[in-house]
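Here is the structure we will look at, set down as structure tokens.
FYI, it's all coordinate maths here, none of it is from the lab. Every value quoted in this text rests on a predicted model; they were computed, and no experiment measured them. Cβ sites come from the backbone with ideal geometry, for glycine too, and all protein chains shown count toward neighbours.
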Amino acid sequence: MTGPAPTGPAPEKPTLRRRSDLPVLEGPARVSAYVCEAVSCLSLRSHEVALGLADGIAEAGLTDVAVKRVGCLGLCAAGPLVQIPETGELFRHVSPDDLGGILGVLASTTTETKPVEQPAFFGRQVRIVTENSGRIDPESLDDYIAAGGYASLRKVVTSMTSAEVRDEITKSGLRGRGGAGYPTGLKWNTVAKAVGSQKYVICNADEGDPGAFMDRSVLESDPHRVLEGMAIAAYAVHATEGYIYCRAEYPLAVSRLRTAIRLAERAGLLGASVADTQFAFNVQIRLGAGAFVCGEETALIASIEGGRGTPSPRPPYPAVAGLWDRPTLINNVETFANVPAIIGQGGDWYAGIGTETSKGTKVFALAGRVVNTGLIEVPMGTPLRDIVFDIGGGIVDGRAFKAVQTGGPSGGCIPSQFLDMPVDYESLIGVGSFMGSGGMIVMDETSCMVDVAKYFMDFCREESCGKCVPCRVGTTQMHMLLERITRGLATRADLAQLERLADMVRRTSMCGLGQGAPNPVVSTLRYFRDEYMAHIDERRCPAGVCAIEPQGVLA
Amino acid sequence: MPVLPMRPTAPSDDKRWRIVETRMRRLGNRPEALIEALHSTQEAFGYIDDDALTFVSDVLAVPPSTVYGVATFYSHFTMKPQGEHTAVVCTGTACYINGASEILAAIRAGLGIKPKETTADGHLSLLTARCLGACSLAPAAIVDGEVEGRVNAQDLVARLTQL
């Protein structure tokens, strides 16, 4: 390369510290301050808060107060967050310039201090995947082990057969958390029974749905948990090599994963001899490069192999012929993060949580026009109303609720008449949406549903890999029709054409991207058809979002 | 006597090529190292030019057409030099709901650039991201590597002008 090098720093690369620069206490702590250092709070200067607290504690001569960096505390809307775990007290919107209040509480807290009442945001949650988030230092292996980490892996490799592990997962009823909800036990059994001397385990951390950040948060807050889940899976399906395919847009998650892999290898929990047994398992990280379609498993495999991330027709499924045509197990971050808990507490325990067909908990990223945006984990079957209004605290500025969007660009918008619906895989499909990876975007009356449909179609059009015609051409044509509608230039014939195309693209596209792409259109047409008609017949945008062209441009 | 293939040499004696070479060698100089090689080239130089593509193609024994195809398939890779400063505006769903398009419109009005463009003086490049995963802080942006939440369009334009 001969041209002048750019002098600015590369984008999307926050300064990442390898080791905590916070002081370590000599003896046991009377009280501690847990400072959230996940990306959201870090960008609001939470590391300065941690350093400021450490300085303040040193100045006040408090020798029995600890400051600890932890992962996501969940209530991202109120960051930076500091929690005193001894009493559960949570400080919101903490400014590094004004720490007197917290230092005062830290100085006066004793073992007799009563715990504070938890806000509704936390009260309704059941934490399995996120049980360590906000409680351990994500870059400390000791912290994870102290919280019971790697006990499940040790148990598996020393006292269980691979079939017993798979039975336990099958018994738990765990289903894939990437969105489609395929039974995890069934998938593991297929890979285990597939013929081949070399098998692979892949963790799909290419969290592509816009508005979803569960996997980022899990990887940033508790990376060892995912590694442990992968290692257990590898043991269960006889694999020895693992890959984590992570988005390049998540530099902190990648950095913490690298640290975790290094520490686990050094401690003999990954590598040639896991926990001093014959079982070997190595994990490598592969970075995505900004292609949404790589969340699709065959495209992801093509990308790990170094090529363009275009999907291939299935069958053969990756479980039979995946990475380099070898049997390959692909699960999502959250699926793997459930595994250590299932092994630790038993499949029956896990199956006792959730609904008839959807077991366990689900992590949701709550965002949009809701008061308490952040990361939540609730049992499957929790009513939507509880999530939006009890945990989410309702709509910002007291506006009216309009819809919840789930499932990303393959999902749909759920209107208010379904607020009391229990959230699980089947009920979401029943109302024309999709679980997806767990993004939940709340919309109020300021959102135009036609514009929302156009937004997602624009996304799919951009991200279509171009391999199959229905997706490549169909999404572009559908976007053009939606563009006409939002500009007030469409006729009823255009709408009919849009519906025909939606059906065609859904039925004839090769992979999930194209098959799901019409969903936002179909679901908004189903529940908000009047908004489409207002644009077409009255040339009016009820929400006042769309720029309707002045009358007469068509003539 | 058999003719030994020449070991491909880096396009220049810039030391940053060693980073790229090391990354490829660690993965055995095999074709599957292609994306990793492109990542490290972009990390080291800020963008990927034709010389870099040819070099990577030679080392990994991957046809230049394939290297070009992969480099242009992924939106993360850029073949153009970037400006001195970079602003990335998130266009994820939460940011869209909370006004990301107004931010892009304000930057266009104030600085005259659209996404993927650089100002004429090479001062600022504007990019968009599908989702930064900072949805709680929507609308979000990254200015020179620092994530900023709850961005106000006018304030951001004022800041970018003064960078």
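Please arrange A:Lys359, A:Lys467 by counting, for each residue, the other beta carbons lying within 10 Å of its beta carbon, fewest first. Intermediate values should be presented prior to the final figure.
Values: A:Lys359 24, A:Lys467 18.
Least to most surrounded, the residues fall as A:Lys467, A:Lys359.
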Part-to-part distance (alpha-carbon centres) for segment A:124-163 and segment A:527-552, which is given in Å:
52 Å
Partner chain Cβ atoms within 10 Å, averaged over the residues of B:83-95 - can you pull that number for me?
6
Report, in whole Å, the centroid distance computed from the Cα atoms of segment A:32-79 and segment B:77-152.
29 Å
Give the cysteines in chain A for which no other Cys Cβ lies under 4.7 Å away, or write none if there are none.
A:Cys72, A:Cys76, A:Cys203, A:Cys246, A:Cys294, A:Cys413, A:Cys448, A:Cys460, A:Cys465, A:Cys468, A:Cys471, A:Cys511
So for the pair B:Lys80, A:Leu62, with labels modelled 7 Å out along Cα→Cβ, what separation do we get in nm?
5.3 nm
Output the 0 to 90 degree angle, nearest 10, between the alpha-carbon long axis of helix A:469-486 and the longest principal axis computed from the alpha carbons of chain A.
70 degrees
Could you pull out every one of the lysines with an alpha carbon less than 26 Å from that of B:Lys114, ignoring same-chain neighbours closer than 8 positions?
A:Lys13, A:Lys454, B:Lys80
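Please compute the average number of Cβ atoms from other chains found within 10 Å of each residue's Cβ in peptide B:69-82. Each step should come with its number before you reach the end.
Details: counts 2, 6, 2, 1, 12, 9, 6, 9, 3, 1, 0, 0, 5, 5.
Mean partner shielding for this stretch: 4.
Using 1/(1 + (r/R0)^6) with R0 = 56 angstrom and r between the beta carbons of A:Glu26 and A:Glu538, what's the FRET efficiency to the nearest 0.05? Don't skip to the answer; put the middle values down first.
Working: r = 73 Å, r/R0 = 1.31.
Taking R0 as 56 Å, the efficiency between A:Glu26 and A:Glu538 is 0.15.
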What residues have an amide H closer than 5 Å to that of A:Gly354, excluding those fewer than 5 places away on the same chain, when H is modeled at 1.01 Å from N in the peptide plane?
A:Gly360, A:Met380
In whole Hz and in residue order, list the ³J(HN,Hα) couplings for segment A:212-227 that follow from phi through the Karplus curve 6.51 cos²θ - 1.76 cosθ + 1.60, θ = phi - 60°; x for Gly and Pro.
10, 9, 5, 5, 4, 5, 5, 5, 6, 9, 8, x, 4, 4, 5, 4
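Before rounding to the nearest 500, sum -39500 (n - 2.57) across all DSSP H runs of length at least 4 in the protein assembly as shown and divide by the residue total; then give [θ] at 222 nm in deg cm²/dmol.
Values: 28 runs with 282 residues, N = 718.
It lands at -11500 deg cm²/dmol.
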Out of residues 5 or more away from B:Leu124 or on other chains, whose amide H comes under 5 Å of its own, with H placed 1.01 Å from N in the peptide plane?
B:Glu84, B:His85, B:Thr119
Cβ-Cβ FRET estimate between B:Ile19 and A:Glu164, R0 fixed at 56 Å, reported to 0.05:
0.75
Applying the Karplus parametrisation 6.51 cos²θ - 1.76 cosθ + 1.60 with θ = phi - 60° to the phi angles of segment A:274-281, what ³J(HN,Hα) value in whole Hz is obtained for each residue in order, glycine and proline being reported as x?
6, 6, 6, 10, 6, 6, 10, 8
Expressed in nanometres to one decimal, the distance between label points 7 Å along Cα→Cβ at B:Arg7 and B:Asp50 is 2.8 nm
Between helix A:449-463 and chain A, what is the angle of the helix's C-alpha long axis to the longest principal axis, kept within 0 to 90° and rounded to the nearest 10?
70 degrees
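Within 10 Å of each Cβ in peptide A:437-447, how many partner chain Cβ atoms are there on average? Round it to a whole number, please.
Numbers: counts 0, 0, 6, 2, 7, 2, 2, 1, 0, 3, 2.
Mean shielding by partner chains, rounded to a whole number: 2.
Between A:Gln278 and B:Glu43, what is the FRET efficiency for a Förster distance of 45 Å, r being their Cβ-Cβ separation, to the nearest 0.05? Mind showing how you got there, number by number?
Numbers: r = 38 Å, r/R0 = 0.85.
Rounded to the nearest 0.05, the efficiency is 0.70.
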Expressed as a rounded percentage, what relative contact order does segment B:1-152 have, with Cα pairs under 8 Å and six or more residues apart?
19 percent
Search the structure for amide H atoms under 5 Å from the amide H of A:Glu89, placed 1.01 Å from N in the peptide plane, and list their residues when 5 or more places away or on another chain.
A:Ile84, A:Val116
Mind listing the phi-derived Karplus ³J(HN,Hα) values for segment A:400-416, rounded to whole Hz, using 6.51, -1.76 and 1.60 with θ = phi - 60°, and x for any glycine or proline?
8, 5, 10, 6, 10, 9, 10, x, x, x, 9, x, x, 9, 9, x, 5
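Can you tell me, using C-alpha contacts under 8 Å and at least 6 residues apart, the relative contact order of chain A as a whole percent?
On the way: 1156 pairs, mean separation 72.0, N = 555.
RCO, chain A: 13 percent.
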For segment A:333-359 and segment B:44-66, compute the distance between their C-alpha centroids and round to whole Å.
46 Å
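Mind ranking A:246-253, A:58-65 by how tightly packed they are, going by the mean number of other C-beta atoms within 10 angstrom, highest first? Before the final figure, lay out each step's value.
On the way: A:246-253: 23.9, A:58-65: 13.2.
Per-residue mean Cβ counts within 10 Å order the peptides as A:246-253, A:58-65.
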